[in-house]
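The values are calculated or read from the model by the stated rules, or taken from the named source; none is laboratory data. Worth saying up front: this structure is predicted, and the values here are computed from it rather than measured. Backbone-built Cβ (ideal geometry, glycine too); neighbour counts: all protein chains shown. What goes into the accessible areas is simple: the full protein's heavy atoms, side chains included, and nothing from ligands, DNA or RNA. Shrake-Rupley method; radii C 1.70, N 1.55, O 1.52, S 1.80 Å.
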Amino acid sequence: MVVVVFGARGNVGRHVADGLLAAGEQVRAVSRTPAAGLPPGLEAVAADLDRPETLPAAFDGADKMFLYGMLDPRNPYDIGKVVAAAEAAGIRQVALLSSVSVLHPGADHLVPRVNRAIEQAIQQSGVDWTFVRPGTFATNTRTFWAESIRTDNVVRLPYPLAQSAPMHEKDIAALAVTALTEPGHSHQAYTIYGAESLTLQRQVEHIGEALGRRVRIEQISDEQARAEVGRTMAPFVAEAIVGQWAAADGVPVPTSAIVEKITGAPAHTYAQWAVDHADDFR
């Protein structure tokens, strides 16, 4: 049988595809246009979550899928139609990349709302499911800081001592791969944080160490930070992120050992992530 991987060229999806191939699974990579530059052994199929009529071709002959919860919360896909197409084609298991924000009862912006709706639709379907609910992605620091490091060798922050527990995307993918290839993960929701709580300053230092040079930190105001983050994120996301930094200023954040517990392999450190992505900051 075949495992369908949506977002197989994305930060997490490409590692899910690699991990499934390594586990001996047949993998079908789905994108709006036929995917280029994918690893050998992947079957590429054009389909679009926003166009349910294209999904039967993606699901044909498959029995499992990896699905992302949201890419653009302002334009979510119709999860009801996606689930209906999957069930009609015989999909019996799904690993969903969701978000830890679904666990925050006071959070009512688009990200938790969209992901809650997707989770609920899957729970109400007839498929087995596993939800992977990550907190902070290490790749967010690339999104926020890469341009200023490349151009000015500086990171501008309102709270350099704010802490976070960023996760390597490989660890998020490893949980999904384990859920899709090993028994015991049906109807489980895994909340995943990084294995260590680090200040933003220390994260910048790790990037500098990976680059072989010191990266400067320039302290800025909350307003400036919202504008800085808002260059790459929606305004409500920028507002939320700066708010999280303010709340975590000098405060350790939750960490977890779930990656090693479920996959048997230790989680990657942020320092390892920085080495893996050093070229993104050069």
Matching residues, region 169-186, being among the charged types (D, E, K, R) and outside any helix (DSSP H, G or I): Glu182
Which pairs have Cβ atoms under 6 Å, sit 6 or more apart or on different chains, and link a residue in region 202-220 that is under 11 Å from Phe281 (Cα atoms) to one that is of a type outside the set (Phe, Trp, Tyr) and open to solvent by 70 Å² or more (accessible area, probe 1.4 Å)? Gly208/Arg214; Ala210/Val275
Within region 216-229, take every residue that is closer than 16 Å to Val204 by Cβ and not in a loop (DSSP other than H, G, I, E, B) and give me the one that is most open to solvent (accessible area, probe 1.4 Å). Gln219
Evaluation of Gly194 against (1) more than 21 Å from Asp152 (Cα to Cα); (2) open to solvent by less than 40 Å² (accessible area, probe 1.4 Å); (3) free of Cβ contacts under 8 Å to residues at least 24 places away in the same chain (one fails), failing number: (3)
So which residues in region 230-282 are of a type in the set (Val, Ile, Thr) and either in a helix (DSSP H, G or I) or touching a helix residue (DSSP H, G or I) at 6+ places or on another chain (Cβ under 7 Å) (or both)? Thr232, Val237, Ile241, Val242, Ile258, Val259, Ile262, Thr263, Val275
Might you check whether a residue that is open to solvent by 10 Å² or more (accessible area, probe 1.4 Å), closer than 23 Å to Pro112 by Cα, touching a Lys or Arg at 6+ places or on another chain (Cβ under 7 Å) and of a type in the set (D, E, K, R) occurs anywhere in region 132-143? no
So, Ala189, is that one at pLDDT 95 or above and part of a strand (DSSP E or B) or not? yes
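This table checks each residue for (1) at pLDDT 95 or above; (2) touching a Phe, Trp or Tyr at 6+ places or on another chain (Cβ under 7 Å).
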position	(1), (2)
Ile207	yes, yes
Gln219	yes, no
Pro235	no, no
Ala265	yes, no
His277	yes, no
Confirm whether Lys81 is open to solvent by 30 Å² or more (accessible area, probe 1.4 Å) and in contact (Cβ under 8 Å) with a residue 60 or more places away in the chain. no
If I filter region 156-189 down to residues being of a type in the set (Ser, Thr, Tyr) and surrounded by fewer than 22 Cβ atoms within 10 Å (Cβ to Cβ), which single residue comes out as farthest from the chain's Cα centre (by Cα)? Tyr159
With the requirement that a residue be modelled with pLDDT of 85 or more, more than 13 Å from Val4 (Cα to Cα) and aliphatic (A, V, I, L, M), what does region 23-41 give you? Ala23
